[in-house]
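Quick notes on the structure that follows.
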Amino acid sequence: DVDRHAADLFAAYALGDNSDWTWLASTRPESVAATAHWIAGKVNDDALVPYAVVDLRSEQAVGIVSYMAIEREMGTVEIGHVTWSRRMKNT
């Protein structure tokens, strides 16, 4: 849910620096609006099934992970587009 998680994810990603994004295909969003646009891109990509990773204690989104390359006939799925925030470190 883009509207529900964009502000949480922007705040979570803002805690780090760009080094957390070195090996990712995306760059760190620089605003809540940019974060919402980035999430919407994942939601609208038919090749992905994205999920927000939510901290149960704070009820805030702290990262994103997606199912992708789903092969029903083979019974396989890849996990990708993993973008954790620093709030997930040491968990």
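The values are calculated or read from the model by the stated rules, or taken from the named source; none is laboratory data. Only a predicted model underlies this, so the values are computations on that prediction, with no experimental measurement involved. Neighbour counts are summed over all protein chains in view; Cβ atoms, including those assigned to glycine, are modelled from backbone coordinates with ideal geometry.
Look through Thr76, Thr22, Thr27, Thr83 and report the one residue that is on the phi < 0 side of the Ramachandran plot, touching a residue at least 12 places away in the same chain (Cβ under 8 Å) and either hydroxyl-bearing (Ser, Thr, Tyr) or surrounded by fewer than 18 Cβ atoms within 10 Å (Cβ to Cβ) (or both).
The match here is Thr83.
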* Every pair of residues 6+ apart whose Cβ atoms lie under 8 Å, when the first sits in the stretch 36-52 and is over 14 Å from Gly80 (Cβ atoms) while the second is part of a helix (DSSP H, G or I) and among the aliphatic types (A, V, I, L, M) -> Ala36/Val2; Ala36/Ala6; Ile39/Val2; Ile39/Ala6; Ile39/Leu9; Ala40/Val2; Val43/Val2; Ala52/Leu9
* To do: Using the structure shown, decide if Leu9 is under 26 Å from Asn90 (Cβ atoms) and not in a loop (DSSP other than H, G, I, E, B).
  => yes
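Among the candidates Asp45, Asp20, single out the residue that is in contact with a helix residue (DSSP H, G or I) (Cβ under 8 Å, 6 or more places away or on another chain) and among the charged types (D, E, K, R). Steps first, answer last, please.
Values: Asp45 fails: in contact with a helix residue (DSSP H, G or I) (Cβ under 8 Å, 6 or more places away or on another chain).
The conditions single out Asp20.
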* **Residue ID - modelled with the highest pLDDT, chosen from residues in the stretch 18-65 that are among the hydroxyl-bearing types (Ser, Thr, Tyr) and assigned to a helix (DSSP H, G or I)** => Thr35
